[in-house]
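Below you'll find the structure, written out as structure tokens, and then a few comments.
Any read-out appearing in this document is the output of simple, stated calculations on the displayed coordinates, not a laboratory observation. Being a predicted model, the structure only gives us computed values, none of them experimental. A quick note on method: Cβ atoms are made from the backbone with ideal geometry, for glycine too, and the neighbour counts reach across all protein chains shown.
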Amino acid sequence: MNNVLTIDGTSGVGKGTVARMMAQKLGWHLLDSGAIYRAFALAVDARGVDIADEYILVEIAQTLDLTFKSKINSELVNVFLDGRNISKILRTEYTGEMASKIASIGVVRSALLKRQQNFAQAPGLVADGRDMGTVVFPKAPFKVFLTANSEERAQRRLKQLQAQGTKGIISQILADVMARDERDFSRKNSPLKPDKDAFIIDTTKLSIDEVVAQVSDLIKI
């Protein structure tokens, strides 16, 4: 299928929001690959599995009972793992940290690759992640890579936490952002990097609408 738009980038750059808005605008399907890795991390955690046991990790990945259900007249997507709605705990810092560590394991990425590729269905797909344009959909005709400086991304995360009624310490959030960047960029398997064909957008000083406008200019359908 030719209609695939990949949106990759670091944490806190607005990938998810931009991807959702583009999918709505184009009338295409949406793949939130981060949600898949986070759900997988929760499944591993629930089973008390040692992440060094790659055989068990692959088995869990291959049998992952995961479904996404969009709410009518809502931007929200509910995520179900083993029939349980995990939407709220999916976006916690704890889950994100687990997912970041597990996502660096090669056999896990390989086991979840086909599941992600299966989201590419007509009329099109907007795929959000860290290796969508380089590994999962290397032949996608539309590729975007979003960046922003770490200080701005830490501030955005702090505002998210505050909006949820949770306190955050900016120095700790910044340290977490930088640590996650280090894991993503330096991991041996599918390191985070823009594809040679990707259009790079620095979102540091841009609003979401401005980013969406730039991405929309790339799509000529």
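Going down the table (25/193; 15/101; 143/167; 25/88), which pairs top 31 Å between alpha carbons? Distance filter (> 31 Å) returns 143/167. Expressed to the nearest 5 percent, the antiparallel share of DSSP beta bridges inside the chain is 30 percent.
Segment 94-142 and segment 1-60 have Cα centres separated by 6 Å. Full extension of the chain segment joining residue 68 with residue 52 gains 2.9 nm, where the gain is 0.36 nm per residue of separation less the Cα-Cα distance.
I'm a student and want to see the number: the projected area of the Cα convex hull of segment 72-141, averaged over all directions, in nm².
6.4 nm²
Report the gain in length on full extension from residue 164 to residue 196: 0.36 nm times residue separation, minus Cα-Cα distance, nm rounded to one decimal.
Numbers: separation 32, 0.36 × 32 = 11.52 nm, distance 3.74 nm.
Residue separation times 0.36 nm, minus the Cα-Cα distance, leaves 7.8 nm.
Note on the chain: percent of Cα-Cα distances in each 10 Å bin, starting at 0 and stopping at the bin with the largest distance, equals 8, 33, 40, 18, 1.
What Kirkwood radius, in Å to one decimal, follows from the Cα pairs of segment 18-133? Kindly include the intermediate steps, with their values, before the conclusion.
Details: mean 1/r = 0.0678 Å⁻¹.
Hydrodynamic radius (Kirkwood, Cα only) of segment 18-133 equals 14.8 Å.
When you count the other C-beta atoms within 10 angstrom of each residue and take the mean per peptide, 150-159, 33-42 line up highest first as 33-42, 150-159.
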